[in-house]
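What follows is a short report on a single structure.
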Amino acid sequence: MKLSYRFEQTSCRLRIDGLPDLSAGHGPEVIGILSAWELDLAGHPTLEGKRDHLQALLAAVLPYARHLVSSVPRPMGLATDPVQMEPISSTRAGLRNRPAHRLRLLSSQPDTQPLELSFDDAELADLVRCLDQLRLDPRVQLGFSLPPDRPLPRREILERVPLRQRLAPPAAGLAALAITAALGLMVPLPRPTATPAASPAATPTSPLTPPR
Amino acid sequence: MADVTITAPNVEAAVEQSPPPRPSARLSRRGLERLDLMLLSVEALDLNGGEAMVWMANQLGFGSLFPNRVELWKRRCYNPLRLACRRGVLSEAETDALISLLCAMADRLYPMLRQLLSASEPEPVTQQRWQLFRSRLDELVRERLNPRRGGVQKLLDPQEGPRLQRQLVQALAFGSGRGGFDRLKASLMDAAA
């Protein structure tokens, strides 16, 4: 019996169809074998694909969201991966809401241009919540293997601080050292003092004689 | 010799009774600071946030940990930026409860977070919403945090503050709901920059 579940957020709707995997001991309500999935994103074409594509979508979008929580967006997915996620850098620095994230989908069919979709924060958050619902629903057991969320190491966090700000303290230190050294070089060396005049030749003294 | 025979069993017994805490699983002071700032942002979004948190804690089954506002406030005072700051670290159970509470509150407020972050809303309306949020958060920060701390001054700074406040709202939006717990917890345990 074919099962179909829908997960919805404001700008995003995910529908998955499948069958229970009776050999794995799933109940009649559980999707264990995925037959099709369809993702409707407001203002974008509908996406569909196979199980591997859904796995790739989860593997790109969820770690990207993990980095966004730490405010260090970073491209996810290799150039050969079917789904990639990357931040869109803007020359106009500002806090206005704008499409700041790009999802790139490589088609498995040859001679097809990659599809690029841009999202603002709200649309991406909708997509992430939809995928979270899918991931945590006990009625869907597709056995996706996703890397656990880990704390970011220091070198990844450092990217949050702009390069100029990061280089300022060592540059100031080097400048201070150079100035001190230059000043030190300008201080004249002490002149060698004139050799003291030769003291008069010592004259032997008469031995002390005890007073009589 | 006598010393060894007496102390060795005691040490073993102590180890058996309380296993050494995993230092990696605990939140650092910086993590506690961000966690409390996000809870403060929730209060800025929801005027009745303080009461809602206690109610939500009961709903989530943390009634014994946070039976009232005072107990919740005491845990939040481990934030080093607080005026009435407490020393020490929170246990993992307590921080997990606070993070779950934060995720549940963010889930409840998600429509508001979404409006703040959406580019499809009219720009003047978005600006007004941000203005309202900023003024409420600034008020709460002035009331509860220590203005002499650099972190607080940054948050209130007209240049730097809006960027930090946006990061807080973003983190709340991407960490909302049950699925956001692991993301938010891992993020709070990030290494210090």
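The values are calculated or read from the model by the stated rules, or taken from the named source; none is laboratory data. All values reported here derive from a predicted model rather than from experimental measurement. When we count neighbours, we look across all protein chains shown, and the Cβ atoms used for this are built from the backbone with ideal geometry, even at glycine.
So if I check each of A:Pro190, A:Pro151, A:Pro169, which one is over 21 Å from A:Leu47 (Cα atoms), within 14 Å of chain B (Cβ to nearest Cβ) and loosely packed, with under 10 Cβ neighbours inside 10 Å? None of the others qualify; the one that does is A:Pro169.
Hey, could you check region A:8-38 for residues that are of a type in the set (S, T, N, Q) and within 14 Å of chain B (Cβ to nearest Cβ) and say which is farthest from B:Glu121 (Cα to Cα)?
Going residue by residue through region A:8-38, those that are of a type in the set (S, T, N, Q) are A:9-11, A:23, A:35.
From what is left, the residues that are within 14 Å of chain B (Cβ to nearest Cβ) are A:9-11.
Working: A:Gln9: 17, A:Thr10: 13, A:Ser11: 13 Å.
Among them, the one singled out is A:Gln9.
If you check B:Val42, B:Val11 for being among the aliphatic types (A, V, I, L, M) and modelled with pLDDT of 90 or more, only one passes: B:Val42.
Going through (1) touching a helix residue (DSSP H, G or I) at 6+ places or on another chain (Cβ under 7 Å); (2) at pLDDT below 85 one by one, A:Arg155 falls short only on (1).
Okay, residues lined up against (1) hydrophobic (A, V, I, L, M, F, W, C); (2) modelled with pLDDT under 90:
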residue	(1), (2)
A:Tyr5	no, no
A:Glu8	no, no
A:Gly18	no, no
A:Gly25	no, yes
A:Leu54	yes, no
A:Tyr64	no, no
A:Val69	yes, no
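Could you look through region A:77-90, keep only residues that are within 14 Å of another protein chain (Cβ to nearest Cβ) and modelled with pLDDT of 90 or more, and pick out the one that is farthest from A:Gly18 (Cα to Cα)? Out of the qualifying residues, it is A:Pro87. Taking A:Leu95 as the residue in question, decide whether it is in contact with a Lys or Arg (Cβ under 8 Å, 6 or more places away or on another chain) and either at the interface with chain B (Cβ under 10 Å from one of its Cβ atoms) or not in a helix (DSSP H, G or I) (or both). Considered against the rule, which asks whether it is in contact with a Lys or Arg (Cβ under 8 Å, 6 or more places away or on another chain) and either at the interface with chain B (Cβ under 10 Å from one of its Cβ atoms) or not in a helix (DSSP H, G or I) (or both), A:Leu95 comes out as yes. Filtered by the rule that a residue be within 7 Å of another protein chain (Cβ to nearest Cβ) and surrounded by fewer than 24 Cβ atoms within 10 Å (Cβ to Cβ), region B:175-191 gives B:Gly177, B:Arg178, B:Gly179, B:Asp182, B:Ala186, B:Met189, B:Asp190, B:Ala191.
Screening A:Cys130 on (1) at pLDDT 80 or above; (2) outside any loop (DSSP other than H, G, I, E, B); (3) more than 26 Å from B:Leu116 (Cβ to Cβ) shows it passes everything except condition (3). Selection over region B:71-94 of residues that are within 12 Å of B:Leu39 (Cβ to Cβ) and of a type in the set (Gly, Ala, Ser) gives a count of 0. Of everything listed in (1) surrounded by fewer than 22 Cβ atoms within 10 Å (Cβ to Cβ); (2) within 11 Å of chain A (Cβ to nearest Cβ); (3) of a type outside the set (A, V, I, L, M), the single unmet condition for B:Gln165 is (1).
Of the numbered conditions (1) more than 7 Å from chain A (Cβ to nearest Cβ); (2) touching a Leu at 6+ places or on another chain (Cβ under 8 Å); (3) more than 21 Å from A:Asp132 (Cβ to Cβ), B:Leu172 fails exactly one; give the number of that condition. Among (1) more than 7 Å from chain A (Cβ to nearest Cβ); (2) touching a Leu at 6+ places or on another chain (Cβ under 8 Å); (3) more than 21 Å from A:Asp132 (Cβ to Cβ), the lone unmet condition for B:Leu172 is (3). Residues in region A:127-148 that are farther than 18 Å from A:Met76 by Cβ and not hydrophobic (A, V, I, L, M, F, W, C) were compared, and the one that is nearest to the other protein chains (Cβ to nearest Cβ) is A:Gln133. B:Tyr78 satisfies every condition listed in (1) more than 14 Å from every other protein chain (Cβ to nearest Cβ); (2) of a type in the set (Phe, Trp, Tyr); (3) part of a helix (DSSP H, G or I) except (3).
Restricting region B:108-153 to residues that are within 11 Å of chain A (Cβ to nearest Cβ) and of a type in the set (S, T, N, Q) leaves a set whose member that is farthest from A:Ala125 (Cα to Cα) is B:Gln127.
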